[in-house]
1. Identify the single condition in (1) crowded, with 19+ Cβ neighbours inside 10 Å; (2) in a helix (DSSP H, G or I) that Asn573 does not satisfy, given that it satisfies every other one.
2. Filter the range 716-734 down to the residues that are in contact (Cβ under 8 Å) with a residue 24 or more places away in the chain and assigned to a helix (DSSP H, G or I) and list them by number.
3. May I ask you to list the residues in the range 442-466 that are crowded, with 16+ Cβ neighbours inside 10 Å and touching a Gly at 6+ places or on another chain (Cβ under 8 Å)?
4. Only residues that are open to solvent by 50 Å² or more (accessible area, probe 1.4 Å), under 28 Å from Gly238 (Cβ atoms) and touching a residue at least 40 places away in the same chain (Cβ under 8 Å): list them for the range 591-638, please.
5. Kindly list, by first and then second residue, each pair from a residue in the range 207-231 that is touching a residue at least 40 places away in the same chain (Cβ under 8 Å) and β-branched (Val, Ile, Thr) to a residue that is buried (at least 22 other Cβ atoms within 10 Å of the Cβ) and assigned to a helix (DSSP H, G or I), limited to pairs with Cβ atoms under 6 Å and residues at least 6 apart or on different chains.
6. Being buried (at least 18 other Cβ atoms within 10 Å of the Cβ) and in contact with a Leu (Cβ under 9 Å, 6 or more places away or on another chain) is the filter here, so list the residues in the range 55-78 that pass it.
7. Among residues belonging to the range 265-300 that are in contact with an Asp or Glu (Cβ under 8 Å, 6 or more places away or on another chain) and part of a loop (DSSP other than H, G, I, E, B), point out the one that is farthest from Ala313 (Cα to Cα).
8. I'd like the residue in the range 580-615 that is of a type in the set (Ser, Thr, Tyr) and in a loop (DSSP other than H, G, I, E, B) and, out of all such residues, is farthest from Arg697 (Cα to Cα).
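The values are calculated or read from the model by the stated rules, or taken from the named source; none is laboratory data. Since this is a predicted model, take the numbers as computed values, not measurements. In this analysis, Cβ positions are derived from the backbone assuming ideal geometry, glycine residues included, and neighbour counts consider all displayed protein chains. Keep in mind that these areas ignore ligands, DNA and RNA; they rest on the heavy atoms of the full protein, side chains included. Shrake-Rupley method; radii C 1.70, N 1.55, O 1.52, S 1.80 Å.
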Amino acid sequence: MHFSPLAAGCLPMKPLLAVLALATLPAVGRAADIDFNRDVRPILSDKCFACHGPDEKHRKKKLRLDVEEDALASGVIVAGKPADSEFIRRLIATDEQELMPPAKSGKKLTAAEIDVLKKWVAQGAKYAPYWAYVPPKKHPVPATKHPTANWIDNFLLARLEKEKLDFSPEADRRTLARRVYFDLTGLPPTPAEVEAFVNDKAPDGYEKLVDKLLTREHYGERMAMYWLDLVRYADTVGYHGDQDHHASPYRDYVIDAFNRNMPFDQFTREQLAGDLLPSPTTDQKIATCYNRLLQTSHEGGVQPKEYLAIYAADRVRNLSAVWMGATVGCAQCHDHKFDPYTAKDFYSLAAFFADVDEEKHLRGGGADTVPTKRAPEIPVHTRRERERLAELEKQIAALGKPDTDDAKKQLAALQKEVAALKKAQRLVMVTQALPTPRTVRVLPRGNWLDDSGPEVQPAIPAFLGKLATNERATRLDLANWLTDAKAGAGGLTARVFVNRLWYLYFGAGLSKSLEDFGGQGEPPVHPELLDNLAVEFATAWDVKRMVKLIVTSRAYRQSSVASPELKERDPENKLLARQGRWRLPAESIRDNALFVSGLIVLDVGGPSAKPYQPAGFYKHLNFPKREYVSHTDAKQWRRGVYVHWQRQYLHPMLKAFDASTREECAAQRAKSNTPLAALVLLNDPTFVEAARVLAQRTLEEAKGDAERVAFAFRQVTSRPPDDFEVKALLKVLEINHAAYKADAKAASELVKIGLAPLPKDADVPELAAWTAVCRTLLNLSETITRE
C-alpha cells in the first residue's frame, strides 16, 4: 500500500460483516476480540506486505506494516481510533488515486476484510509475534464433558462443545479397518483381516491392530512415499536429457529409517551431514544422497558457475520447505516480500552446502549416457543384503568344519547365494566434503554473473538467532540447529512435521499451508493442539509414537459421513467434527489393484521397477534418444513406491492420479477428477491384468455367479455387496458373457493382456466376462477412496 501523510475522517462504517470476514475459522461462535495472527496478519500479508513489508529495497514510502513499532511510529495507524487513522481512510477511499491497495496491484479488500481491520484498530491495533516463529509451548489440556481417547480429543472437543457439537459416531469396523490399513501401510486389509477385526470385541483390539501395522515393513514404504515427495526423489536428473542417475539405495534407506523408527533428529543429521559424522557408516553415507537429489544438467555446454548457482538455490528451496515449512527461495533475488528472510539469509543458507563436491560431476559428467555419471558415487548393498551376507559368512564358516557330502552341498548353495548378493551391489550418489568450500556471495537480483555482492559465511536466518560456533559452521551444525528444541529451531521443525502427519491422517493439516508457514500461509485452526503435538514430538523425535497417538484418538476414528448440520456449519471440516474422505494417492491405487488380485510382489527394497507403459511415450526424450522397456518378470508387480520416477516423463498412471513430478518439494499433491483417471483404471494394462487375475481367483475360489460376485466384491471393497449391487454386477456379467461368446477374438485379446500366465483349459469367454466384472469393481469410487 502507498500512503500520504494526509489525514481525514473515516467514512461512515458499513454494517458489520464479521461472520463473512474471517475465513480461517468457521464463523459460528467466534470471539468478539480480533486476533492479530489469526484474523489480521493474513489480510495484511495478502494485500499490503508486497509494498509495505520486509523487503526494504522495494518498500513504498518507507512504510512498514509488518513490524508494530514501525507501523505505529509512522502515524498512519492510531491505536484505538480508526476514524483518525490514515490506514483506514485509504482502505475505503473513493478516489482511485488514494485507494489502497492500488488498482494496478490486482488486489482488492472485501468489505468483510475492511471491517476486520477497523475492529482491529478500534481494539488497539495490537500486534503479536508471528506464530510460526515462536517456539511451541505446552498448553494445559482442557476438560471436556464428552469422553476422549487421548489428549488430542480434549483440545478438539473443547472447541466443539463451545459450538454445542460433539464428534461424529465412530466409523463402522470395516471402514475403520480399511482406513487404518491404507493410512499406515498404503495397502488394503485382506477379507480375513477385516473379519478378524470386526469380531474382535476386546477393548484394546483397535490399539493392538495399530501396533501390529506399525511393525509391518509396509509402514516404512507408506511413509517413504510422502518423504520422497518432500525431498524430490527421482530416478532421473530432470534437466536436459533427463538421464537416469544412481539414487535407489537412498529410497531403501528412507524405508528402513521409518521402519526402524529412527529418531527424526538423527534422520535429519544423517541426510544433511552423514558424511561429517565421526566414522560414518554405510547407511549414513547413503543418507547423504539427499544432497544430490536435485535436478542436474549433463549438457556439454554447461557453465559450471551458472549451475552451481542453480544447484545452491535448489538446495535452499528444498531445505527450507522440508524442515522449516518456509519459502526462503523467494529471497534469491531480493528480500522476501512477506516474511523476514533477507537475500543475505538465502545465500548464507546456501553457503552451508558450499562444501558439497560438485567438481567431479561438472568435470566428468556422463554426457549423454544412461545412466549418467554423477560422481562421487559408491557401490553399496542394502542393509538387508549386508545382514544376509554376514549371516551367510557365519554359516559358511560353520559348514567349513564338517567334511560330509551334505555339508559340501549346503556350502555350495550358500556360496552361490553369496556370489549373487555380491553382484547385487548398486551405485549411489553420496556427499563428499571439499577441503576448501566454495566462496558464496550475495548475487544481486540473483544474477550469477554479478560478483559484486558481499561474501557470506554459513549462517541461519538472522532473525532466528546465531549458531554457537567459533569456526565456520557446517551442514552438521545446521542439522543440529534444526533439531535442537532448546537452543535451536527444533520446536519449529517439530511443528512443521507434526502438521504434515496430521495431514496424512485427516486429509488437511491443522494449518492447511503444509509448504508455507510464512505470512502467505494459513494460521492453524487449533494452535494449542499443534503446539502440544510439536512439544511432544520434540521430546524424543519418535515418529511411530506420534503416529499412534494420532490414529488412536477418537477424532481419527470418527465417521467421514457429514451430517446436514455439519455441512452447513463447517463445510471445510475445520472443527474436525468428522473424519476426512479423499482419493488414495496414485501409488496406493495401483498397489490396491495388484493386492486384491494377488499379483503384488511385496519384496522390500531394491532397484526401481518399470511397469507397463504406452509405446512411444519416450519418443521426444533425447540426449540420448531411448525406448522405455518394461520389466518382463515379477518386478512388473512391485509396489508403486518402487516405480521408476522419470521427472520429465512421469509414468502416465501416476500422472493421471496427480503424483508429483518431483522437480520441487511437494508437501501436498493436487486432487483432480478427470476422465483420464477413469480411463486409466479401465485400460492401463496393469489394471486390466489385475482384473483378469482377480477374475481367475473368483472362478476358482467361489461357486455360482451370485457367490462369485460376492467374493470379488469383498476382495475389492472389504465388505459384502447389497442386493442392488449383486443384481447390477450380474447384469454386467450377462452382457459381457454374451458379447465375448460372440467375439472370441476380443475375449482372447482381453485375457492375454499382461505377463501373468493363463490357467490351462481356461474358458476364455467366461474369463473375459468375469474380467469385465472385475474391471468394473476396480473402477468404483469406493475402491480408490479412503473413507
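1. The failed condition is (2).
2. First, the residues of the range 716-734 that are in contact (Cβ under 8 Å) with a residue 24 or more places away in the chain: 716-719, 729-730, 732-733.
Selection gives Val716, Thr717, Leu729, Leu730, Val732, Leu733.
3. Once the filter is applied, which keeps residues that are crowded, with 16+ Cβ neighbours inside 10 Å and touching a Gly at 6+ places or on another chain (Cβ under 8 Å), the range 442-466 yields Val442, Leu443.
4. Matches in the range 591-638: Pro607, Asn622, Phe623, Thr632.
5. Once the first residue is touching a residue at least 40 places away in the same chain (Cβ under 8 Å) and β-branched (Val, Ile, Thr) and sits in the range 207-231, its partners that are buried (at least 22 other Cβ atoms within 10 Å of the Cβ) and assigned to a helix (DSSP H, G or I) give Val210/Val551; Val231/Tyr290.
6. Leu65, Asp66, Ala71, Ser74, Val76, Ile77
7. Leu277
8. Among residues in the range 580-615 that are of a type in the set (Ser, Thr, Tyr) and in a loop (DSSP other than H, G, I, E, B), the one farthest from Arg697 (Cα to Cα) is Ser608.
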